[in-house]
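S.K.: Okay, here's the structure, questions in a sec.
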Amino acid sequence: MQQHRNGKILALLFTGVLMGALDISIVGPAIPAIEETIKVDHRSLSWIFSIYVLFNLVGVSLLSKLSDLYGRRNIYVFSVAVFAIGSLIVAMANDITLLLIGRAVQGFGASGIFPVASAVIGDIYPPEKRGRTLGMIGAVFGIAFIIGPVIAGVLLLWFKWNALFLINLPIAAVVIFYAWRMLPSKKSVVKPHFDWMGMVLIALLLSSFAYGINNIEASEGVKGILSLNVFPFLLITLITLPVFVILEKRSPSPVVKIELFDVKQIRIVGLVAFGTGIIQAVTIFVPEMAVNLFGVTTSQASFMLIPFVLAIAIGSPVAGRLIDKIGSRAIVMAGLMLAATGLLFFYFNSASKVNFYTAGIFMGLGSAMLQGSALRYIMLNEVQSSERALGQGIITLFTSTGQMTGATLIGIVVASMSSRVDGYSKSFLIIAVIALSVMIISYRLKSRSEELAGASATVA
């Protein structure tokens, strides 16, 4: 009976994650249609993506912490409702300002969906079954990136771009209805106390970092970093970080529990998550690389990513099951090695379509092993049950920061080269070296036997 109920809860969580992942994958095809109806300059166009990431970063710590304090069900329902409101605002937008507001609200709502879903899995499944279940969530992302562009293409044949966001509303309504009835809602036994000063500081820290790094004009080199739109915000980031750490150590109920990083396993997970984000940034530029290499259209280049997303969809559940058998350290190291191999395929002979598709498969398998389950599995085992959502939020935080850093790194390298293709190849080589370096460090993660021994102490 309990197993049947857990299966229903999983289906519910997967639906919520699928909704959020689909929204990411359908935005790209919607951009040309949005430009036809809303006057958008190049800088504002980039913010359609960036503002989503920014508010996702700001919200993940807040909603993860609230989930640990006030119960998974309450915050999951709240997150899905906020995401739906953001979708409605985007669908109703008739100018860029309203569109960006809607995207910001969407990003904030989405910041609670994935960490809380992962935390619920930690609540209802024992350690020996968490890996395969988290792997299935990773597969949901792969499926979303496969069917997202197809759904967008079909809807745009018959409807305006607004319909792409309106479809979130009935899905969200169903998820909220069943989430309220089915999800566990155990609240913290500790008297709730929220660290509002910490939340303000982390919002300032992340906002200044995101704004500064997204405004770097790669073509201007060092001057771009020293510009008034970049340097002051990066300086605020550097000043705010130590202040935030000091205050969080003193807080009775911190937004980010700094003491967690006293654990070697968690420090390594944070580093690997950051490196994984840098690696994931590559996928943003691969379609443009295909356009320059093979002379295909933008839509054709997107379809050339199918081997990559298929590898994620197939590899994620397999990686999850392997974690339960051989442990997360082996999966993390294999994922980083596969990702580095794919990047090296891009570098050495990217002009070959066979090599291009092979690189995509290696990158997809590597991503499946890293983003789908391994890191989240480790974090679930290392934190107490009352801090599971917070731990998942930390992974999202480091991964998203790595994505922004990786995108900026690639942009700077490409701008410094005479040929875009050469720039992409050189930047992919640099990221391959980063992946291999992180892989060496990840060897210090716990073995399978150490993992199981430690997990038993954190089961609630």
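S.K.: When the Karplus curve 6.51 cos²θ - 1.76 cosθ + 1.60 is applied with θ = phi - 60°, which whole-Hz ³J(HN,Hα) does each residue of the range 438-451 get, with x for Gly and Pro?
M.R.: The phi angles translate into 5, 4, 4, 5, 5, 5, 7, 5, 5, 6, 4, 5, 5, 4 Hz.
S.K.: How much length would be gained if the chain were fully extended between Asn94 and Ser352, taking 0.36 nm per residue of separation minus their Cα-Cα distance, in nm to one decimal?
M.R.: Stretched out fully, the Asn94 to Ser352 stretch lengthens by 88.5 nm.
S.K.: Testing the spin-label approximation: label points 7 Å from Cα along Cα→Cβ at Ala11 and Ser416. State their distance in nm.
M.R.: Once both label points are built, they end up 5.3 nm from each other.
S.K.: Name the residues whose placed amide hydrogens come within less than 5 Å of the amide hydrogen of Trp161, ignoring near sequence neighbours (fewer than 5 apart) on the same chain.
M.R.: none
S.K.: Tell me, in nm to one decimal, what length is gained between Ala33 and Arg181 on full extension, where the rule is 0.36 nm per residue of separation less the Cα-Cα distance?
M.R.: Between Ala33 and Arg181, full extension yields 49.4 nm more.
S.K.: Also, quick follow-up: Return the long-range amide H neighbours of Met304 (sequence gap of 5 or more, or a different chain), with a cut-off of under 5 Å between placed amide H atoms.
M.R.: Excluding prolines and chain starts, which carry no amide H, there are no hits.
S.K.: Still on this structure: Return the subset of Lys39/Lys223; Lys65/Lys249; Lys264/Lys446; Lys8/Lys65; Lys39/Lys160 for which the Cα-Cα distance in this structure is over 18 Å, preserving the input order.
M.R.: Details: Lys39/Lys223 29 Å; Lys65/Lys249 15 Å; Lys264/Lys446 10 Å; Lys8/Lys65 25 Å; Lys39/Lys160 16 Å.
Over 18 Å apart, Cα to Cα: Lys39/Lys223; Lys8/Lys65.
S.K.: Right, here's the next one. Could you sort the peptides 410-422, 10-22, 357-369 by per-residue average Cβ neighbour count (10 Å cutoff), highest mean leading?
M.R.: Order by mean packing, descending: 357-369, 10-22, 410-422.
S.K.: Can you order the peptides 114-121, 177-184, 316-323 by their average number of other Cβ atoms within 10 Å per residue, highest first?
M.R.: 114-121, 316-323, 177-184
S.K.: Short version: ³J(HN,Hα) in whole Hz for each residue of the range 72-81, in order, from phi by Karplus 6.51 cos²θ - 1.76 cosθ + 1.60 (θ = phi - 60°), x for Gly and Pro, what are they?
M.R.: 4, 4, 4, 6, 5, 4, 4, 4, 5, 5
S.K.: ³J(HN,Hα) across the range 168-180 via Karplus (A = 6.51, B = -1.76, C = 1.60, θ = phi - 60°), whole Hz, x for Gly/Pro?
M.R.: Once rounded to whole Hz, the list reads 5, 5, x, 4, 5, 4, 5, 4, 4, 4, 6, 5, 5.
No lab work stands behind these numbers, since they all come straight from the coordinates. In this text, all values refer to a predicted model and were calculated from it rather than measured experimentally. Glycine also receives a Cβ, built like all others from the backbone with ideal geometry; neighbour counts cover every protein chain displayed.
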